[in-house]
C-alpha cells in the first residue's frame, strides 16, 4: 500500500511539474507576443503615428501589459499633449520598478513637464539635478544638462550655461549634442557681437583718414560686422573713437546628410544652423569651395516650370534677399518659404532662414572657405535620384 501511495505522489509531482512547465511556456509565449506588439507600437511612435501606437498599446495593456508598454504609452500620451495621463503611466512604471532602465527618462519627462507646463523652475531644476546625480552615465543626464543650460541662458547666467553645454560636448555620441551645439552657438554669437571686448579682441582707436572700408581691408574684418558690433553708421567715424574689432577668420562646413551649416572661427566651432538642401544630390556636389561673391540683393531666379525670371530683390524670389556665390550655378541663399529650411527641397541649392543668412553674411567675405561634406540622405536611403 505504501508503495502505491509513493507512486501516486510521484505521479502527482511529475504532473505538477509538467503543468507548471506548460504554464510557463504559455506565459512566455504570451509575453513574446506582447513584446512584438510593443515593438510595432514603438515603430509607429518613431513614425509619429501616435494614434496607431496608442491603440495598439491599449490592447497590450488590457492583456496584462509590460513595463515597456506602460512606459511607451506614457511617451505617446506626452507627445499627444495628454500630459497628466502620461505622467500617470510613468508613475505606474515607477511604482512597479523604481530602479528600472526607464527611470532616467521618466524623471526627465517629469522635469520637462514641471518647467514647460507648470512653470515651476525650482521643481524642474531639482529633478534635473537628481537625474545627473543618480544616473550620471545615462542619456537623460545629458539632456538634463542641456535643459539646465537653457534655464541658465534664459536667466542670462551665460557662464553656467556654457559650462553645462561644454560638459555635454565632451561626449561625441551624446544624443543632446546637436541641441547643445545650437544653443552654444547662440552664446558664441552673442559674445562675438557684444560691444564689450573679449580677451582676443582688439580695441582700435580711430585715426585720421580711417574709414570702415579701410579697416575691413587692413584688419580683414567685414565692415558690416564692425558696424553691427559698434552700432556705427558708415560715415560716423570720429578721430579718437574706440571701437571693438573681433578676431575673425571664418570658415563654413555644410553637412548634406544632417542638413546643417557649421560656422567656424579660426577652425573653432562658432555656431550651427539648419539649412535646406536641394533633393538632387548632384546639384550640391560635395567638395571644397570658397565664397566667390557676396550679392546683397540676392540673385535672379528662373522658375523651372514656367521659365519666368524673378529678379534679385523681388519679394516673390524664392532665393531670398542675400546670396553667397560658391560657383557660377550654386550658392547659399535665403528663402521666402522658411518652413523648407531643414528639409530636402526643390528650390535653389543651400537654403537658410533670412535672419540666419544675414548673420553669416556680415561675418564672411570673398575667399572664405566652404567645405561641403556627405551625401543627400534622401538619395542614400532611396538608392536612386529623386
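The values are calculated or read from the model by the stated rules, or taken from the named source; none is laboratory data. Since we're looking at a predicted model, the values are computed, not measured. So basically every Cβ, Gly included, is an ideal-geometry build from the backbone, and we count neighbours across all protein chains shown.
Given the structure, is residue 315 surrounded by fewer than 20 Cβ atoms within 10 Å (Cβ to Cβ) and either assigned to a loop (DSSP other than H, G, I, E, B) or within 19 Å of the chain's Cα centre (by Cα) (or both)? Here the answer is yes, as residue 315 does meet what is asked. I'd like to check something: does the stretch 256-278 contain any residue that is at positive phi, surrounded by 14 or more Cβ atoms within 10 Å (Cβ to Cβ) and part of a loop (DSSP other than H, G, I, E, B)? Yes, because at least one residue in the stretch 256-278 is at positive phi, surrounded by 14 or more Cβ atoms within 10 Å (Cβ to Cβ) and part of a loop (DSSP other than H, G, I, E, B). Just one of the listed residues (210, 201) is touching a residue at least 40 places away in the same chain (Cβ under 8 Å) and surrounded by 15 or more Cβ atoms within 10 Å (Cβ to Cβ), and it is 201.
In the condition set (1) closer than 18 Å to residue 189 by Cβ; (2) touching a helix residue (DSSP H, G or I) at 6+ places or on another chain (Cβ under 7 Å), residue 154 is compliant with all but (2). Elements of the type helices (runs of 4 or more DSSP H) sitting completely within the stretch 35-111 and holding at least 2 residues that are in the same structural domain as residue 126 (by TED's automatic domain parsing) and over 27 Å from residue 132 (Cα atoms): these cover 50-62. What do you reckon, is residue 294 outside any loop (DSSP other than H, G, I, E, B), touching a helix residue (DSSP H, G or I) at 6+ places or on another chain (Cβ under 7 Å) and buried (at least 20 other Cβ atoms within 10 Å of the Cβ)? Judged against the criteria, residue 294 is not a match.
Listed by first and then second residue, the pairs with beta-carbon distance under 9 Å, at least 6 apart or on different chains, first residue in the stretch 155-168 and farther than 11 Å from residue 143 by Cα, second part of a loop (DSSP other than H, G, I, E, B), are 161/155.
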